[in-house]
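Okay, structure first, notes after.
The values are calculated or read from the model by the stated rules, or taken from the named source; none is laboratory data. Keep in mind the model is a prediction, meaning the values are calculated, not measured. Reconstructed Cβ throughout: ideal geometry from the backbone, glycine too, with neighbour counts over all protein chains shown. In case anyone asks, the SASA skips ligands and DNA or RNA and just uses the protein heavy atoms, side chains included. Shrake-Rupley method; radii C 1.70, N 1.55, O 1.52, S 1.80 Å.
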Amino acid sequence: MESVTSNRQLDMEALKEPRGFLRCLQWFFAMLAFATCCDFSTKLAFDIVCKDNSQATIMVTTDITYPFSIDHNPPFKFGDSPPCGIKFGPKVKDQDITFPGDFSSDAQFFVFTGVITWLYCFASIAVYVFYSSNYSDEQKNYPKVDFVITALLAFFWLAGSSAWANGLNGIKQVSDPDNWIFTSQYETAAACFKTTNGTYVYTKIGECHTTSRGHFGGANVSVLFGFLNFFLWASNLWFLYKETGWYKAKQDQANLGNVETDPY
């Protein structure tokens, strides 16, 4: 403990080097990535219009928020009677409107990657600034650990960003009610089910039409931030590798070979 404390000294010059400067960028963009993902929200909505114009139009809506377990959203209940006075068949499992899709694992893995990399940036910057002598000692253990963890986190960013991009594509599909309200006869949105010839099974339904498909600007930005983070972490590997004993040993071996082959 005493030796570690004695080696502690403020060295801001490390942040001007590529590894330090890139680590500061990684800290900033990791925060942006998981923050934009967690902060993103939108909604889907559609109307159920009755053929009998004297009956009120039913407006169905639900919010889509992190962690995007849409199938866990509360169902939309019709109240005392089904819409437009229809009578559901005996095989209908749920007369209320329920919502499909669970994309929480993709989103949570992306956010988990962002948070652990953000925290690791704090720790590594502290080593760069306060324990720079330990980072540059002869054994060069710190650079090896830093290189391995950075490589692992770069892989996490690639996997997490790909997963979140895939999950976001699924959210976009679900947020467009036209993709699912007409296809389930016994659950989800049974009132809007259509036959193969495009007519409603329940003839008292005049139309089910979408009024909101959501907006995804913030979510798209979070995916871009994710892949940008992968680029930053992968780019930093070369600079970190040059700090390790592996690179130094390779350079020493190459220099030794040059000396042995030089007749002068």
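Placing R0 at 45 angstrom, the Cβ-Cβ distance between Lys194 and Phe21 gives a FRET efficiency of 0.20 after rounding to 0.05. Per residue, the convex hull spanned by the Cα atoms of region 81-143 measures out at 115 cubic angstrom.
Per residue, the Cα convex hull of region 65-195 amounts to 120 Å³.
For region 183-216, the residues whose amide N sits under 12 Å from a probe point set 7 Å from the Cα of Asp71 along the beta carbon direction are 188. Taking the chain, the Cys residues with no second Cys beta-carbon under 4.7 angstrom are Cys24, Cys37, Cys38, Cys121. Calculated from the alpha-carbon coordinates, the chain shows an Rg and a Dmax of 28.5, 104 Å respectively.
The chymotrypsin sites (Phe, Trp or Tyr not before Pro) found in region 15-57 include none that occupy coil by DSSP while having at most 11 further C-beta atoms within 10 Å. Inverting the pair-averaged 1/r between distinct Cα atoms of region 41-136 gives 17.9 Å as its Kirkwood hydrodynamic radius.
Roll a 1.4 Å probe over the protein chains and send me the accessible area per residue for the chain in Å².
On the way: 14400 Å² over 264 residues.
Each residue of the chain exposes 55 Å² on average to a 1.4 Å probe.
Let's see if you can work this out: charge +1 on each Lys and Arg Cβ, -1 on each Asp and Glu Cβ, no other charges. What is the dipole magnitude of the chain about its Cα centre, in debye to the nearest 20?
Working: 19 positive and 25 negative charges, 112 e Å.
Charge dipole, the chain, about its Cα centre: 540 debye, nearest 20.
Each Cα pair under 8 Å and six or more residues apart adds its separation to the average, and for region 1-126 the resulting relative contact order is 30 percent. Placing R0 at 30 angstrom, the Cβ-Cβ distance between Asp178 and Leu224 gives a FRET efficiency of 0.65 after rounding to 0.05. In region 142-196, the C-alpha radius of gyration followed by the widest Cα-Cα span (Dmax) gives 20.8, 66 angstrom. Within the chain, the longest segment free of exposed loop sites, counting trypsin sites (Lys or Arg not before Pro) that fall outside DSSP classes H, G, I, E and B and have at most 16 other Cβ atoms within 10 Å, spans 94-203.
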